[in-house]
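Step one of this worksheet: look at the structure below.
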Amino acid sequence: MIRLKLNPLTESATLLRRAGVVLGSVGLTALYSLLVLLRALVGKLHRPIVDKYCREWSAALLRLVRANLAVRGEVPDFNDGRRYIIMSTHASHYDIPVAFVSLPGSIRMLAKKELYAIPLLGQAMRAGEFPSVDRSNRARALKDLDKAREMMESGIVLWAAPEGTRSPDGQLLPFKKGCFHLALDTQAVIVPVAIRGIHRVLPARTMQINIGQSVEVQVGEPLDTAGKTKEELPEVMAEVRHRIETLLGDGEAH
């Protein structure tokens, strides 16, 4: 187990503290987005730099809420030449920072196209190799899929949330098919991950920030989709859901 203690104090954030967390988070996001864009502008943006910035940004965000983070399970070797997709629970905006801090490799989230419309952040995500797959437009989806596959073949590890939206209470929501289609299309290895306790830091659709929460990342046994067909999609979805449910039932952070 890896334990990253950022601060064990637990408390509900006051209005002033909440404002500080929000303003600090916006400021940090703007700062690191600018750093990415400035490096891209002068031709000095490289993947290891983006990895470094993502982890620094994430660690700073988690320090603002004084999260107490632990990692359990065996993380695969993401440098073994295979394509990987991390499929994670999604119960908070902090899921992404937690993934960046707790897992190795060049992780990039499979982003919703709406995020690219956010000033600075959207442009920085494009420069930093964050893929998006727009399945509402078939021609565009095929191009997005080819780009995502190329990224994965070059060493990018995709992070995706099969639930599609944030769970308000940490319970697993129904899965959507999009990221599973991508896994089968790219013959990727799916790494199931459950982030326990994260919903208490910032419950979905609220501004109730809680300080010093215990968060636990549970990494499960990978599922290799090599050789699997589209007809096997329901079985793959069911197996990944079973593995994530098992992870949610283990450990200390409830």
### Task
Would you please name the trypsin sites (Lys or Arg not before Pro) within region 118-169 that are DSSP coil residues with at most 16 other C-beta atoms within 10 Å of their C-beta?
135
#### Entry: 20 Å tail of the calculated P(r), region 141-211, as % of Cα pairs
43
### Query
Semi-axes of region 25-88's equivalent ellipsoid from the Cα gyration tensor, sqrt of 5 times each eigenvalue, largest first, rounded to whole Å?
25, 21, 8
### Query
Could you give the distance between the Cα centres of region 208-226 and region 53-112, to the whole Å?
8
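Under the rule a/c < 1.5 gives rounded, and otherwise a/b versus b/c splits prolate from oblate, where does the chain land using the Cα gyration tensor?
Because a/c hits 1.5 or more and a/b fails to exceed b/c, the chain counts as oblate.
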### Task
For region 44-82, run through the trypsin sites (Lys or Arg not before Pro) and keep only the ones in DSSP coil with at most 15 other Cβ atoms within 10 Å of their Cβ.
44
### Message
Just to be sure I understand the model, the point goes 7 Å from the Cα along the line to the Cβ. What's the resulting residue 232 to residue 80 distance in nm?
### Response
1.7
### Query
When only alpha-carbon atoms count, how far does region 57-172 stretch along each of its three principal axes, as whole angstroms with the largest first?
43, 34, 29
### Query
Each residue of region 57-64 in order: what ³J(HN,Hα) in whole Hz does its phi give by Karplus 6.51 cos²θ - 1.76 cosθ + 1.60, θ = phi - 60°, with x for Gly and Pro?
4, 5, 4, 5, 4, 6, 5, 4
### Message
List the lysines whose Cα sits under 18 Å from the Cα of residue 113, skipping any in the same chain fewer than 8 residues away.
### Response
143, 147, 176, 177
### Query
In the chain, carbon and sulfur make up what percent of the accessible area (probe 1.4 Å)?
58
### Query
Just the accessible area per residue of region 51-133, please: how many Å² with a 1.4 Å probe?
40
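The values are calculated or read from the model by the stated rules, or taken from the named source; none is laboratory data. Only a predicted model underlies this, so the values are computations on that prediction, with no experimental measurement involved. Because the Cβ atoms are built from the backbone with ideal geometry, glycine has one as well, and the counts that use them run over all protein chains shown. All accessible areas refer to the heavy atoms of the entire protein, side chains included, with ligands and DNA or RNA removed. Shrake-Rupley method; radii C 1.70, N 1.55, O 1.52, S 1.80 Å.
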